[in-house]
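The values are calculated or read from the model by the stated rules, or taken from the named source; none is laboratory data. These figures come from a predicted structure and were not determined experimentally. Because the Cβ atoms are built from the backbone with ideal geometry, glycine has one as well, and the counts that use them run over all protein chains shown. Ligands, DNA and RNA are excluded from the accessible area calculation, which covers all protein heavy atoms including side chains. Shrake-Rupley method; radii C 1.70, N 1.55, O 1.52, S 1.80 Å.
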Amino acid sequence: MSAESTPEPAITAPDETGPRRKARSRSRKALLVTAWTAAGVVVLGGAGAGYLYFKLNGNIRSVDIDQALGNDRPSKVDNGSENILVLGSDTRSGSNKQLGGGTDDGSARSDTAMIVHVYQGHRKADVVSVPRDTLIDRPACTDTKGTTHPAASGVMFNEAYGTGGAACAVKTVESLTGIRMDHYLEVDFAGFQKLIDDLGGVPVTTTKNIDDPQSHLTLQAGTHTLDGRQALGLVRTRHGVGDGSDLGRIQLQQAFVRALINQVKQVGIFSNPKKLYDLADSATKTVTTDSDLGSVNSLIDFADGLKGIGAKNMTMITMPVQYDPSNPNRVLMEKQKAQLVWDALRNDRQIPKAATAGTATGEAKGVVR
């Protein structure tokens with residue numbers, strides 16, 4: 001079964017026969033690709049008065065990935081396209097502990113990673129989800145504090161962020177793909193939840209009941225407007241529907257992202273100054289960016305280039321993987337098929353269907369639309 005998600009807003013349920021996976025004892029953090037939408041909201045903040053600019057500018061956190069990684073990176077491609085690593089971190093400290101559970105040990109992992117490729121002309125985009133359970137060889141990397149971390153073999157993908165933060169996550173993605181990440185965006189639990197609440201919720205239709213005590217989400221089949229806590233629960237859900245796999249959770253996340261993008265476009269925020277400000281304030285507090293995007297002006301320019309991209313002209317796939325024969329709770333990248341994806345992105349071409357044909361996929365496609 002293909003791991004590709006069609007560019008239509010509605011997601012239909014296929015007949016899937018992939019291997020099932022054991023449920024884990026703890027589900028981790030949420031999807032961050034809301035940073036994509038958060039960045040889009042920021043463009044609206046540019047209409048505010050000067051003092052609002054300084055207020056919003058002071059909200060933004062940034063990390064200097066270029067300085068940390070130096071020149072040992074793939075070359076920039078000057079064809080008008082952009083590649084953005086969008087990452088979700090699952091720190092258990094502060095307000096995130098209440099939302100995510102677990103021990104407040106100050107550590108964090110990347111629960112969700114998406115490579116967003118914006119095509120030349122900025123009229124369409126491809127999104128490639130990287131499963132956190134993928135076993136990889138992590139390269140040596142230097143974090144933004146100057147600490148060097150040695151390479152490691154056969155580790156989970158999300159271990160890169162836990163080891164060296166944003167810089168090591170970017171280094172690892174560039175090592176896997178051979179593609180330079182032009183930008184980096186990250187969000188956390190609390191920011192995700194507040195952004196959805198400020199938006200007024202996101203309408204979705206579920207085709208099956210969802211009951212996942214790990215993500216604290218219970219929904220009957222039907223149409224719902226999810227508030228922030230429910231949305232966070234949905235994008236964290238893996239045990240309440242499907243086969244309990246990370247691949248199934250990715251399917252739910254991709255469906256929700258489409259609904260979120262549609263909702264941002266439909267809400268009349270231009271005519272509501274308070275909603276406009278609340279969204280811009282939440283968005284700038286939510287995201288951590290690379291240093292090139294570390295100001296309101298930079299985010300406005302960046303987001304202005306994304307505003308023409310909607311769910312209908314966005315294709316979402318999962319990085320081509322197969323289940324690890326020795327451990328059904330892990331996946332391995334299908335290198336030849338994945339290379340088709342990386343070659344397409346590097347050359348600003350459509351990802352061929354052959355890249356995802358026959359690859360592993362979860363069993364939650366079509367549950368949310």
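Can you compute the equivalent ellipsoid semi-axes for the stretch 231-369, i.e. the square root of 5 times each eigenvalue of the Cα gyration tensor, sorted largest first and rounded to whole Å?
Numbers: eigenvalues 204, 82, 43 Å².
Equivalent ellipsoid semi-axes, largest first: 32, 20, 15 Å.
Using the Karplus curve 6.51 cos²θ - 1.76 cosθ + 1.60 with θ = phi - 60°, what ³J(HN,Hα) values do you get for each residue of the stretch 341-358, in whole Hz, with x for Gly and Pro?
Result, ordered by residue: 5, 5, 5, 5, 5, 4, 9, 6, 10, 4, 5, x, 4, 4, 5, 10, 5, x Hz.
I'd like the Karplus ³J(HN,Hα) series for the stretch 242-257: coefficients 6.51, -1.76, 1.60, θ = phi - 60°, whole numbers in Hz, and an x wherever there's a Gly or Pro.
Each residue of the stretch 242-257 in turn: x, 9, x, 9, 5, 5, x, 4, 4, 4, 5, 4, 5, 5, 5, 4 Hz.
May I ask which residue of Ala283, Leu199, Gln254 lies farthest towards the positive end of the charge dipole of the stretch 193-329, with charges of +1 (Lys, Arg) and -1 (Asp, Glu) on Cβ and the Cα centre as origin?
Result: Leu199, furthest along the dipole toward the positive end.
List the lysines whose alpha-carbon lies under 25 Å from that of Lys365, not counting same-chain residues fewer than 8 positions away?
Lys22, Lys29, Lys124, Lys208, Lys265, Lys312, Lys335, Lys337, Lys353
For Arg73 and Ala140, compute 0.36 nm times the residue count separating them, minus their Cα-Cα distance, and round to one decimal in nm. Each step should come with its number before you reach the end.
Details: separation 67, 0.36 × 67 = 24.12 nm, distance 1.24 nm.
Additional length available on full extension: 22.9 nm.
Taking 8 Å as the Cα distance limit and 6 or more residues as the minimum spacing, I'd like the relative contact order of the stretch 283-355 as a percentage.
Working: 39 pairs, mean separation 11.7, N = 73.
Once divided by the residue count of the stretch 283-355, the mean separation gives 16 percent.
Put Asp324, Asp182 in order of accessible area, largest first, 1.4 Å probe: what do you get?
Values: Asp324 20, Asp182 40 Å².
In descending accessible area the options line up as Asp182, Asp324.
Sequence neighbours fewer than 8 away in the same chain don't count; with that in mind, list the aspartates and glutamates whose C-alpha is under 14 Å from Lys275.
Asp197, Asp198
Under the Karplus relation 6.51 cos²θ - 1.76 cosθ + 1.60, θ = phi - 60°, what is the ordered set of whole-Hz ³J(HN,Hα) values for the stretch 74-83, x standing for Gly and Pro?
Each residue of the stretch 74-83 in turn: x, 6, 5, 9, 9, 10, x, 8, 9, 10 Hz.
Tell me, in nm to one decimal, what length is gained between His122 and Gln339 on full extension, where the rule is 0.36 nm per residue of separation less the Cα-Cα distance? Please report the intermediate quantities before stating the final value.
Working: separation 217, 0.36 × 217 = 78.12 nm, distance 2.34 nm.
Difference between extended and current length: 75.8 nm.
Given H placed 1.01 Å from N in the peptide plane, which residues other than close sequence neighbours of Asp324 have an amide H under 5 Å from its amide H?
Amide H neighbours of Asp324, under 5 Å, 5+ apart: Arg330, Val331, Leu332.
Treating the stretch 102-245 as a set of equal point scatterers at the Cα positions, no solvent, please give the Debye-formula log₁₀ I(q)/I(0) at q = 0.10, 0.16, 0.18, 0.22 Å⁻¹.
For the stretch 102-245, the Cα-only Debye profile gives -0.45, -1.05, -1.19, -1.34.
So what's the stretch 187-229 giving for Rg/Rh, alpha carbon basis, Kirkwood Rh from the mean inverse pair distance?
Details: Rg = 11.2 Å, Rh = 11.2 Å.
Rg/Rh for the stretch 187-229 comes to 1.01.
Quick query: amide H of Cys141 versus all other amide H atoms, modeled in the peptide plane; which residues come in under 5 Å with a sequence gap of 5 or more or a different chain?
Long-range HN contacts for Cys141: His149.
I want to verify the translational diffusion coefficient of the stretch 164-307 in µm²/s; compute it with Stokes-Einstein, Rh as the Kirkwood radius over Cα pairs, at 37 °C and 0.692 mPa s. Could you put the intermediate results ahead of the total?
Values: Rh = 16.9 Å.
Estimated via Stokes-Einstein, D reaches 194 µm²/s.
No solvent, one uniform scatterer per C-alpha: report log10 I(q)/I(0) for the stretch 257-314 via the Debye equation at q = 0.17, 0.18, 0.24 1/Å, two decimals.
-0.68, -0.76, -1.22
How long are the semi-axes of the equivalent ellipsoid of the stretch 122-202, defined as square roots of 5 times the Cα gyration tensor eigenvalues? Whole Å, largest first. Could you put the intermediate results ahead of the total?
Numbers: eigenvalues 144, 53, 35 Å².
Gyration-tensor ellipsoid for the stretch 122-202: 27, 16, 13 Å.
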